[in-house]
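**Q** Supplied in structure tokens, the structure appears directly below.
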Amino acid sequence: MRTLRYAGLLSLTALGLLAGCGRHSNKETYYLISNNMDLPYWKTAVEGFEKAAREYDVTAKVDGPKNYDVQEEVKDLHDAIATHPNGILVSVADAAALQPEIDSAIDQGIPVITIDSDAPHSHRLYFIGTNNLEAGHLGGQRVVSKLNGKGNVVFFTMPGQPNLDERQKGYMDIFAQHPGIKVMDVFNIKGDAGTAMDKTPQYLVLTGPA
């Protein structure tokens, strides 16, 4: 629940930064674009985004694939840019794939803020979100504590998504300090939480006790 509240606050704050920087009119339009839009996290983010739009009396538009689809997100961002909105919030599923579109928007004078997941080498104005490396460090320390420094670990992730890559690095930094922790696999769930649930029993049988 805390994560969902954070999602709503994140998008509300980000739109406030875009729309609140100086004078604006009720004819302005702002986009929120992400991946996996069917996830509860993003549904809550959309609520925060739309709440901010009502407060600033501007138009909010939301786009992005319902499931994990990098190329569809690239297309949706491209299409949003073509409408010349007043600003765009985008959560980046793949920094290399989305950076050209982000840079194109900036070149056209359209402000872009990345949220939750960043494209740090793009020309985006700034990033609003978690320090994912530090979150990984904290998570890794928690795992080590729970396993008493010895156990088998499997990562369910989506390689190439910046926030998840940073978190995984944070975990790996901590595990490197504890040789009793063994990373058995890094599995790409491709945005499907059901896959993680299906694979978990298999990994429990495969890895067994440390």
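The values are calculated or read from the model by the stated rules, or taken from the named source; none is laboratory data. If you're wondering where the values come from, they're calculated on a predicted model, not measured in any experiment. Positions of Cβ are generated from backbone atoms using ideal geometry, with glycine treated the same way; all protein chains shown enter the neighbour counts.
**Q** For ASN35, state whether it is in contact with a Phe, Trp or Tyr (Cβ under 6 Å, 6 or more places away or on another chain) and either part of a loop (DSSP other than H, G, I, E, B) or not aliphatic (A, V, I, L, M) (or both).
**A** Numbers: in contact with a Phe, Trp or Tyr (Cβ under 6 Å, 6 or more places away or on another chain): yes; either part of a loop (DSSP other than H, G, I, E, B) or not aliphatic (A, V, I, L, M) (or both): yes.
Yes.
**Q** Can you find a residue that is in the same structural domain as TRP42 (by TED's automatic domain parsing), assigned to a helix (DSSP H, G or I), of a type in the set (A, V, I, L, M, F, W, C) and crowded, with 18+ Cβ neighbours inside 10 Å anywhere in the stretch 123-144?
**A** Within the stretch 123-144, none of the residues are in the same structural domain as TRP42 (by TED's automatic domain parsing), assigned to a helix (DSSP H, G or I), of a type in the set (A, V, I, L, M, F, W, C) and crowded, with 18+ Cβ neighbours inside 10 Å.
**Q** Let me ask something else about it. When residues of the stretch 154-190 are filtered for being modelled with pLDDT of 95 or more and either assigned by TED's automatic domain parsing to the domain that holds ILE115 or polar (S, T, N, Q) (or both), how many remain?
**A** 2
**Q** Sticking with this one: Of these, ALA97, ALA80, ALA60, ALA93, which one is under 23 Å from GLU47 (Cα atoms), assigned by TED's automatic domain parsing to the domain that holds TYR30 and either hydroxyl-bearing (Ser, Thr, Tyr) or assigned to a helix (DSSP H, G or I) (or both)? Explain how you work it out, then say what you get.
**A** Numbers: ALA97 fails: under 23 Å from GLU47 (Cα atoms); ALA60 fails: either hydroxyl-bearing (Ser, Thr, Tyr) or assigned to a helix (DSSP H, G or I) (or both); ALA93 fails: either hydroxyl-bearing (Ser, Thr, Tyr) or assigned to a helix (DSSP H, G or I) (or both).
ALA80 is the lone residue from the list that is under 23 Å from GLU47 (Cα atoms), assigned by TED's automatic domain parsing to the domain that holds TYR30 and either hydroxyl-bearing (Ser, Thr, Tyr) or assigned to a helix (DSSP H, G or I) (or both).
**Q** When the stretch 154-194 is examined, which residues are found to be among the basic types (Lys, Arg) and farther than 21 Å from VAL92 by Cβ?
**A** The answer is LYS182, and nothing else.
**Q** List pairs: first in the stretch 184-206 and farther than 27 Å from LYS150 by Cβ, second surrounded by 15 or more Cβ atoms within 10 Å (Cβ to Cβ) and among the polar types (S, T, N, Q), Cβ under 8 Å, 6+ apart or cross-chain?
**A** Here the result reads GLY191/ASN35; GLY191/ASN36, each pair linking the stretch 184-206 to a residue that is surrounded by 15 or more Cβ atoms within 10 Å (Cβ to Cβ) and among the polar types (S, T, N, Q).
**Q** A follow-up question, please. Here is a check on your reading of the model: is GLY151 closer than 30 Å to ILE81 by Cα and among the small types (Gly, Ala, Ser)? Spell out the reasoning first.
**A** Working: closer than 30 Å to ILE81 by Cα: no; among the small types (Gly, Ala, Ser): yes.
Judged against the criteria, GLY151 is not a match.
**Q** Something else about it: Regarding ASN148, is this residue among the polar types (S, T, N, Q), touching a strand residue (DSSP E or B) at 6+ places or on another chain (Cβ under 6 Å), outside any helix (DSSP H, G or I) and not assigned by TED's automatic domain parsing to the domain that holds PHE49?
**A** Numbers: among the polar types (S, T, N, Q): yes; touching a strand residue (DSSP E or B) at 6+ places or on another chain (Cβ under 6 Å): no; outside any helix (DSSP H, G or I): yes; not assigned by TED's automatic domain parsing to the domain that holds PHE49: yes.
So ASN148 fails the test.
**Q** May I ask you to verify whether GLY151 is surrounded by 15 or more Cβ atoms within 10 Å (Cβ to Cβ), modelled with pLDDT under 90 and not polar (S, T, N, Q)?
**A** Numbers: surrounded by 15 or more Cβ atoms within 10 Å (Cβ to Cβ): yes; modelled with pLDDT under 90: no; not polar (S, T, N, Q): yes.
When the stated conditions are applied, GLY151 does not pass them.
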